[in-house]
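Data block below; observations after.
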Amino acid sequence: MKMPNGIKIGIAAGVCAVIITALPVVANPGSESDPLISKSYITDTVMPQLQEYVKEEVKNQMSGAGEHNSERFEVVSLTAGQKLMCENGTELILRMGSATVIATEKGGLADTTAGVDLANGTAMPSNHLLIVPVNDGRGITANNDVLVMVKGAYTIQ
């Protein structure tokens, strides 16, 4: 014998009502005696990790070391001998000083202003937009105090 649709809908609604009513009792997200995250976990684990992270970031910012990634141009200061190693897609504009291109066997930095590829050891032209095409160890070496605008991922060595 076939059950009418009205009875099927009524049974389904009743089951849903029971589940919705029982759900808060079964899935209690936490209470004062049994919190999701305890205060001791925050104090003993999270805070020391956060403090260490902040110390490391401050140290990296002060020394200029570490990985950087900017979605906008930022002015980066280099001293003689420092290297700015870039990842693919990083854009560079030399604003002050002189620098030399670091390239690989696969090629150099794309000078989009002049429409040429700058080979290893080439002087970096001032006020030209350079783009690093491949993440394979390309960048620049500062010959003296340098200011370079950088957009993208880079490290200072």
What residue, among those in the range 84-95 that are at pLDDT below 95 and open to solvent by 70 Å² or more (accessible area, probe 1.4 Å), is nearest to residue 56 (Cα to Cα)?
87
Check the range 113-120 and report whether any residue there is crowded, with 16+ Cβ neighbours inside 10 Å, farther than 30 Å from residue 37 by Cα and in contact (Cβ under 8 Å) with a residue 24 or more places away in the chain.
no
Of 77, 98, the only residue that is hydroxyl-bearing (Ser, Thr, Tyr) and either touching a Ser or Thr at 6+ places or on another chain (Cβ under 9 Å) or open to solvent by less than 30 Å² (accessible area, probe 1.4 Å) (or both) is 98
So how many residues does the range 75-102 have that are closer than 17 Å to residue 155 by Cβ and over 15 Å from the mean Cα position of the chain (by Cα)?
15
Just checking, does the range 51-60 include any residue being more than 14 Å from residue 146 (Cβ to Cβ), assigned to a strand (DSSP E or B) and open to solvent by less than 50 Å² (accessible area, probe 1.4 Å)?
no
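The values are calculated or read from the model by the stated rules, or taken from the named source; none is laboratory data. The structure displayed is predicted, hence computed values, not measured ones. Cβ sites come from the backbone with ideal geometry, for glycine too, and all protein chains shown count toward neighbours. Ligands, DNA and RNA are excluded from the accessible area calculation, which covers all protein heavy atoms including side chains. Shrake-Rupley method; radii C 1.70, N 1.55, O 1.52, S 1.80 Å.
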